[in-house]
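What follows is a short report on a single structure.
The values are calculated or read from the model by the stated rules, or taken from the named source; none is laboratory data. Just so it is clear, the structure is predicted and the values come from calculations on it, not from any experiment. In this analysis, Cβ positions are derived from the backbone assuming ideal geometry, glycine residues included, and neighbour counts consider all displayed protein chains.
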Amino acid sequence: MSNAAAALTETELPKPSGLEGVIAASTALSHVYGEEGRLVYRGYDIHELAGQATFEEVAFLLWVGHLPAASELAEFSAKLDENRGLPEEAVTILRQLPAETPPMDALRTGISSLGPLLPGVFNEDPDQDEAIALAARFPSVLAAFHRVRSGQDPIAHKSGHNTAQSYLYQLFGNEPEERHWKPLDTYLTLLTDHGMNASTFAARVIASTQSDIVSALTGAIGALKGPLHGGAPSLVLDMLNEIGGADNVDSWLTAALDRGDRLMGFGHRVYKAEDPRAEILREMARTASDPDFFELSFKTEERALALLNERKPGRKLYTNVEFYSAAVLAAVRLPGDMFTPTFSVARSVGWSAHVLEQAANNRLIRPQSEFVGPTDKMFEPVGRR
Ligand code: ACO
């Protein structure tokens with residue numbers, strides 16, 4: 001607790017709902033400028049990086065602190081290559097999960113298993129090698145699970161592939177086309193980090209107890225899964241499929257809002273202007289996705305923004321990153337239930353960078369709660385209750 005906070009009595013401590021506006025950590029990794037609709041990674045505006053820097057360059061930027069020189073990038077890419085393989089026992093664990101297991105649950109289990117299955121790799125003092133050892137295996141765990149749940153054998157990664165290529169190759173078993181891996185690569189750079197979002201906060205809380213990086217990222221996967229955070233894009237796909245055609249947009253959205261439902265892919269805790277990632281993804285979807293699907297997405301977005309503005313005036317509800325993620329990820333042939341797991345492939349880098357940053361300057365994260373229960377109850381032995 002800061003000295004200023006320590007000077008306040010418990011009842012005077014601020015308690016914003018959902019910790020809104022609370023600064024929970026200092027970070028030099030990324031920041032969301034909500035009023036301006038800007039996202040910055042280590043000093044670079046996301047518009048500078050998107051479509052120009054590869055996901056590997058962005059990962060190096062976050063983990064190491066600067067954009068890599070060519071020789072650094074080659075060495076780094078080779079290191080990622082060396083770390084993509086899964087222990088056979090991890091594949092056995094994935095095989096034992098029911099085929100209908102949501103891929104986020106399989107990812108959580110698969111990543112958690114890597115702690116004991118890669119002995120000597122992870123300890124309680126995480127470093128960059130550990131971050132690489134874990135993040136490089138996210139695509140492999142997901143692809144292996146996707147294949148075994150569809151009755152196919154996992155495919156070993158191929159060296160020389162970047163992360164987007166490796167993921168698609170391990171999923172589908174053929175050389176990915178540039179029109180698929182390129183948009184995926186850009187998507188991954190857009191989603192790599194995002195200030196003190198809920199899953200990153202979860203990872204930092206776990207790291208702050210001096211727990212290990214595998215535990216921190218396993219917890220973060222659990223936090224990302226919910227629809228108020230990373231779980232929305234497949235629900236966006238469901239929404240668009242249910243709407244089905246342009247004629248149905250208005251009545252579907254009106255009925256959903258009349259029921260009090262939230263429209264998936266809209267609104268954000270921090271952005272009070274358009275999410276810059278949504279703007280970039282919209283343009284990617286315009287070229288990468290099926291024209292009819294893009295048209296439906298665009299019409300739905302236009303009408304949703306108008307209705308939200310009418311019904312929640314002053315709330316500043318805009319399109320968030322998840323809305324056009326659905327069109328972009330569908331265009332690269334990923335099934336809807338792999339959308340959020342694919343988000344976590346990107347965010348594994350941000351989470352691990354935050355774990356390292358937390359560990360480098362750690363203090364246990366332990367906030368206070370406001371107690372609202374009674375304090376004067378007397379014990380009754382079990383037979384007298
Ligand atoms: N649809 C309808 N109404 C909405 C939406 C939405 N998508 N988002 C916010 N609102 C309304 C709320 O009902 C509330 O109205 P009220 O005050 O009249 O009751 C007001 O706007 C403020 O909402 P809060 O819940 O206080 O906003 P909060 O900052 O807590 O939530 C969140 C942000 C969770 C993203 C929210 O906008 C939401 O539920 N969106 C839909 C789910 C979604 O798209 N999730 C992905 C988020 S992006 C990411 O994490 C990567």
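Going residue by residue through region 202-216, is there one that turns out to be touching a helix residue (DSSP H, G or I) at 6+ places or on another chain (Cβ under 8 Å) and within 16 Å of the ligand (Cβ to nearest atom)?
Checking region 202-216: at least one residue is touching a helix residue (DSSP H, G or I) at 6+ places or on another chain (Cβ under 8 Å) and within 16 Å of the ligand (Cβ to nearest atom).
Quick check on region 258-271: of everything there that is near the ligand (Cβ under 7 Å from one of its atoms) and among the basic types (Lys, Arg), which residue is nearest to residue 19 (Cα to Cα)?
Result: 269.
Taking the criterion of being within 17 Å of the chain's Cα centre (by Cα) and surrounded by fewer than 21 Cβ atoms within 10 Å (Cβ to Cβ), would at least one residue in region 280-293 satisfy it?
no
Report, by residue number, each residue of region 292-311 that is over 24 Å from residue 340 (Cβ atoms) and at pLDDT 95 or above. Walk me through it before giving the result.
To start, the set of residues in region 292-311 that are over 24 Å from residue 340 (Cβ atoms) comprises 292, 295, 299, 302-303, 306-307, 309-311.
Across region 292-311, the qualifying residues are 295, 299, 302, 303, 306, 307, 309, 310, 311.
Consider region 128-160. How many of its residues are buried (at least 16 other Cβ atoms within 10 Å of the Cβ) and of a type in the set (Asp, Glu)? Let's see the steps before the verdict.
Residues of region 128-160 buried (at least 16 other Cβ atoms within 10 Å of the Cβ): 130-149, 154-155, 157.
The next check asks that each one be of a type in the set (Asp, Glu); those that pass are 130.
Within region 128-160, residues that are buried (at least 16 other Cβ atoms within 10 Å of the Cβ) and of a type in the set (Asp, Glu) number 1.
Condition first: closer than 19 Å to residue 157 by Cβ, among the polar types (S, T, N, Q) and part of a helix (DSSP H, G or I). Now tell me which residues in region 169-200 satisfy that.
170
Test residue 333 against the criterion of being in contact with a His (Cβ under 7 Å, 6 or more places away or on another chain) and surrounded by 10 or more Cβ atoms within 10 Å (Cβ to Cβ), and give yes or no.
Values: in contact with a His (Cβ under 7 Å, 6 or more places away or on another chain): yes; surrounded by 10 or more Cβ atoms within 10 Å (Cβ to Cβ): yes.
Yes, satisfied.
When you scan region 7-85 for helices (runs of 4 or more DSSP H) that lie fully inside it, which ones turn up with 3 or more residues that are in contact with a helix residue (DSSP H, G or I) (Cβ under 7 Å, 6 or more places away or on another chain) and surrounded by 16 or more Cβ atoms within 10 Å (Cβ to Cβ)?
55-64, 70-82
Go through region 207-245 and give me each residue that's among the aliphatic types (A, V, I, L, M) and surrounded by fewer than 21 Cβ atoms within 10 Å (Cβ to Cβ).
Within region 207-245, 223, 228, 235 qualify.
Is it the case that residue 371 is within 12 Å of the ligand (Cβ to nearest atom) and of a type outside the set (D, E, K, R)?
It is false that residue 371 is within 12 Å of the ligand (Cβ to nearest atom) and of a type outside the set (D, E, K, R).
Looking only at region 274-283, which residues are more than 11 Å from the ligand (Cβ to nearest atom) and part of a loop (DSSP other than H, G, I, E, B)?
Within region 274-283, 274 is the sole residue that qualifies.
Pairs needed: first member in region 259-270, among the aromatic types (Phe, Trp, Tyr); second member anywhere, assigned to a loop (DSSP other than H, G, I, E, B) and more than 7 Å from the ligand (Cβ to nearest atom); C-beta distance under 9 Å; at least 6 residues apart or different chains.
Partner pairs satisfying both residue conditions: 266/318.
Taking the criterion of being of a type in the set (Val, Ile, Thr), part of a helix (DSSP H, G or I) and crowded, with 17+ Cβ neighbours inside 10 Å, would at least one residue in region 259-273 satisfy it?
No: zero hits.
Residue by residue, here is whether (1) acidic (Asp, Glu); (2) within 20 Å of residue 140 (Cα to Cα) holds:
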{"site": "45", "(1), (2)": "yes, no"}
{"site": "50", "(1), (2)": "no, no"}
{"site": "64", "(1), (2)": "no, no"}
{"site": "82", "(1), (2)": "yes, yes"}
{"site": "94", "(1), (2)": "no, yes"}
{"site": "99", "(1), (2)": "no, yes"}
{"site": "112", "(1), (2)": "no, yes"}
{"site": "116", "(1), (2)": "no, yes"}
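Got at least one residue in region 306-319 being within 16 Å of the ligand (Cβ to nearest atom), within 21 Å of residue 190 (Cα to Cα), under 20 Å from the mean Cα position of the chain (by Cα) and aliphatic (A, V, I, L, M)?
Step one: list which residues in region 306-319 are within 16 Å of the ligand (Cβ to nearest atom), which gives 306-319.
Now narrow it down to the ones that are within 21 Å of residue 190 (Cα to Cα): 317-319.
Those left that are additionally under 20 Å from the mean Cα position of the chain (by Cα): 318-319.
Those still in the list that are aliphatic (A, V, I, L, M) too: none.
Scanning region 306-319 turns up no residue that is within 16 Å of the ligand (Cβ to nearest atom), within 21 Å of residue 190 (Cα to Cα), under 20 Å from the mean Cα position of the chain (by Cα) and aliphatic (A, V, I, L, M).
Taking the condition outside any loop (DSSP other than H, G, I, E, B) and of a type in the set (A, V, I, L, M, F, W, C), does residue 94 pass? Steps first, answer last, please.
Details: outside any loop (DSSP other than H, G, I, E, B): yes; of a type in the set (A, V, I, L, M, F, W, C): yes.
In short, yes.
Hey, could you check region 149-168 for residues that are hydroxyl-bearing (Ser, Thr, Tyr) and not in a helix (DSSP H, G or I) and say which is farthest from the ligand (Cβ to nearest atom)?
Out of the qualifying residues, it is 159.
Applying the selection to region 239-257, what residues are within 13 Å of the ligand (Cβ to nearest atom) and either among the polar types (S, T, N, Q) or touching a residue at least 40 places away in the same chain (Cβ under 8 Å) (or both)?
Hits for region 239-257 are 239, 253, 254, 257.
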